[in-house]
């Protein structure tokens, strides 16, 4: 079985500050890990993904995430927040054997203050 | 550009009526599509896997007679909410896998049952 835990349903940062959104996963098989962003009343857009290889993954809009197997974590970071980053962020996991079946975390709403 | 199109983006219907939501893959064939449901301020919950030319696979707790899924072609899956009730009001999102790429999501359909 797989699961995802996102610590903090709300995160607030000032524009220009570091963004850190936490994600921990549980998986009995090698995981594939994803971060998606959702703007109000819209679908999900893929920010980045980890499958195999390099554990530091760079995505769109300046976001990156690091897969840490020992900590079962896949935290999302961005060095400098922008107002346009305000959105809901979802971490998700799938197995390498069934990559289509995504299990989502409960989401983290990011607010960016000027 | 969008690779998965979902229609309508929002719909209001009266209790007891049925509503059909379409999910189309653009420029690619999707033998498998997925339907998610998202309650306000909550995560996405996988409802069912839509398989082209065969019966859909429903997740535990999802009523197959309530949520009818049809995947009659390689580019179209439909979700019909039958005899809708206010508790069915939610945000429904579909997704499809484009080859080896991660899932692409539609922009969702907000259903309000009055």
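What follows draws every value from the coordinates through simple rules; no lab data is involved. This structure is a prediction, so every number in the text was calculated from the model and none was measured. Neighbour counts run over all protein chains shown; Cβ positions are idealised from the backbone, glycine included.
Here the relative contact order of chain B, from alpha carbon pairs under 8 Å that lie six or more residues apart, stands at 37 percent.
Taking 0.36 nm per residue of separation and subtracting the Cα-Cα distance, full extension of the segment from residue B:9 to residue B:45 would add 11.1 nm. Legend: calculated FRET efficiency, residue B:57 to residue B:82, from the Cβ-Cβ distance at R0 = 22 Å, rounded to 0.05, equals 0.75.
Apply 1/(1 + (r/R0)^6) to the Cβ-Cβ distance of residue A:3 and residue A:77, taking R0 = 22 Å, and write down the FRET efficiency to the nearest 0.05.
Details: r = 22 Å, r/R0 = 1.00.
For residue A:3 and residue A:77, the calculated efficiency is 0.50.
Of the residues A:28, A:84, A:70, the one that moves most in a GNM of chain A with alpha-carbon contacts below 10 Å is A:70.
Treat the count of other C-beta atoms within 10 Å as a stand-in for reagent exposure and order A:49, A:68 from fewest to most.
Values: A:49 19, A:68 13.
In order of increasing Cβ crowding within 10 Å: A:68, A:49.
Given the C-alpha centroids of segment B:43-88 and segment A:39-114, what is the distance between them in whole angstrom? Distance between centres, Cα-based: 27 Å. Remark: spin-label model distance residue A:28-residue A:68 equals 2.6 nm, labels positioned 7 Å along the Cα→Cβ axis.
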